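Worksheet: one structure, shown below.
The values are calculated or read from the model by the stated rules, or taken from the named source; none is laboratory data. Here the structure is a predicted model, which means the values were calculated and not measured. Heads up, the Cβs are rebuilt from the backbone with ideal geometry, glycines too, and the neighbour counts pull from every protein chain shown. Side chains included, ligands, DNA and RNA excluded: accessible areas come from the protein's heavy atoms. Shrake-Rupley method; radii C 1.70, N 1.55, O 1.52, S 1.80 Å.
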Amino acid sequence: MLSRKAVLKAGLALGMITLPVVALAAHGKVGLWEITTHMNMPGMASQIPPEAMARMKAMGVQMPDAQSFTSQHCMTAEEVAADKPPPMRNAKSCTMTNMSHDAHGFSADMVCTGEMEGQGHITMAYDGDTHYSGNYSFKGSANGHPQNMTTSFEGKWISPDCGATK
């Protein structure tokens, strides 16, 4: 039986792929960044068995198809100088292909094999060295469960001090 926790874990694993995406060299600044992600996974609730969904509803738990979350990332001088996105957490079996970036943006295709299987595409646009935005889509499966996800994200530079908070 697929639990709510398992469905959320698979969805968040896919969503976390974009989480560490921070601005590339010459497009970012060292310091504290805030990354806001809006993840849409149509049909996520339909993957939960009816009896488990009934128990969740009885407990007042709702399963939205869309979720948003915000995180902070301390961008190091090494990341700024690397001129490539940092490694994707929670997507160790995924590789980026057809990568292209210039002064105004970044795009790449992604192919995943293993626990996560499928294909995705990511695009980013830079508004300078303190802001970027982008979109990510993925279609495939995670832990054997179908996934069809679209995500939009935005990164904003907050402070040169990584100890600062918004």
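Among the listed residues Gly128, Gly163, identify the single one that is part of a loop (DSSP other than H, G, I, E, B), on the phi > 0 side of the Ramachandran plot and either modelled with pLDDT under 90 or touching a strand residue (DSSP E or B) at 6+ places or on another chain (Cβ under 6 Å) (or both).
Numbers: Gly163 fails: on the phi > 0 side of the Ramachandran plot.
Criteria check complete, one pass: Gly128.
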### Message
I'd like to check something: does region 131-146 contain any residue that is in a loop (DSSP other than H, G, I, E, B) and either under 18 Å from Ala66 (Cα atoms) or open to solvent by 70 Å² or more (accessible area, probe 1.4 Å) (or both)?
### Response
yes
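Regarding region 76-92, can at least one residue be identified that is at pLDDT 85 or above, part of a strand (DSSP E or B) and surrounded by 12 or more Cβ atoms within 10 Å (Cβ to Cβ)? Give the derivation first.
Pass one, region 76-92, residues at pLDDT 85 or above: 76-78.
Narrowing further to those that are part of a strand (DSSP E or B): none.
No, there is no match, as no residue in region 76-92 is at pLDDT 85 or above, part of a strand (DSSP E or B) and surrounded by 12 or more Cβ atoms within 10 Å (Cβ to Cβ).
Provide a single number: the residues in region 96-112 that are under 16 Å from the mean Cα position of the chain (by Cα) and β-branched (Val, Ile, Thr).
Count: 1.
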### Task
Please work out which residue is nearest to Lys29 (Cα to Cα), limiting yourself to region 113-126 and to residues that are surrounded by 15 or more Cβ atoms within 10 Å (Cβ to Cβ) and more than 12 Å from the chain's Cα centre (by Cα).
Tyr126
